[in-house]
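Here the structure is laid out as structure tokens; the discussion comes afterwards.
What follows is calculated from the coordinates using simple rules that are stated; it is not laboratory data. Only a predicted model underlies this, so the values are computations on that prediction, with no experimental measurement involved. Cβ placement follows ideal geometry from the backbone for every residue including glycine, while neighbour counts extend to all protein chains displayed.
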Amino acid sequence: VGYTVLKSLWEITRIFTGYMGSSILFSKYGFILLSNIVFALLCLIGVLLMWKLKKAGYIIYLIGEVVPLILPLILMHNSFYGLQNLILGFLISSAFIVMYSLNLKHLS
């Protein structure tokens, strides 16, 4: 499921960059932007499921938090944006993941 979502986001980004020019930098940033929107929606869905005490929501939330941290590093390689995003995102995301993990026993 994740692979097909990323592949379709990449195709949407390629369509938009066709109109905006063929800049590789823009296409990478555009792909990261679109994927962050999708993964933020995944986090929202996961939180709503956890609100209803469903354990599947935790897994969805975890995917929505971890993948956007790794994606810029894969696409940007040695970019400062990737490193900065990883450090700040890791701190905030890991805090929420730990807090949700502590309450995992209440989910069914």
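Quick notes
- Cα-projected label distance for residue 38 with residue 108, points at 7 Å along beta-carbon direction, nm: 3.3 nm
- Residue 59 versus residue 101: modelled label distance in nm, points set 7 Å from Cα along the beta carbon direction: 1.8 nm
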